[in-house]
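Single-structure report; data block below.
The values are calculated or read from the model by the stated rules, or taken from the named source; none is laboratory data. Treat the numbers as computed from the prediction; the structure is a model and nothing was measured. Surface accessibility is based on the protein's heavy atoms, side chains included, excluding ligands, DNA and RNA. Shrake-Rupley method; radii C 1.70, N 1.55, O 1.52, S 1.80 Å.
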Amino acid sequence: MANHKSALKRIRANEKKRLLNRFQHKTTRTMIKKLRLTTEKDAALTLYKTVSSLLDKLAKRNIIHKNKAANNKSKLAKYVNGLSVAAAA
């Protein structure tokens, strides 16, 4: 166990940050799943903007790797753009 006041404070701060990061990561994953289940183009576009923003924030804070965020955004963009083709056909 930590003996110094600063070490105890660091433990408390790390736990708070860990829980916040975990919550944000889980929220983003849930939004991604919600977007994947969307079949309407308009709803998907608005949801994609939100998800894209969340992924960028996670990457900026090093909660997820920047390349993972870019890959997720790319795959989701392909999915959203493919919705219009499926609706027209």
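Of note:
- Only lysines eight or more places from residue 75 in sequence, or on another chain, were considered; those with a Cα closer than 27 Å are 26, 33, 34, 41, 49, 57, 60, 66.
- Correct choice for Rg and Dmax of the Cα atoms in Å that was computed from the model, options (i) 24.0, 71; (ii) 18.0, 68; (iii) 11.9, 33: (ii)
- Shown for the chain: the carbon plus sulfur share of the solvent-accessible area, taken with all protein chains present and a 1.4 angstrom probe, equals 57%.
- Angle in degrees between helix 66-88 and the longest Cα principal axis of the chain, rounded to the nearest 10: 20 degrees
- Looking at the chain, the accessible area is 77 square angstrom per residue; that uses a 1.4 Å probe and ignores ligands, DNA and RNA.
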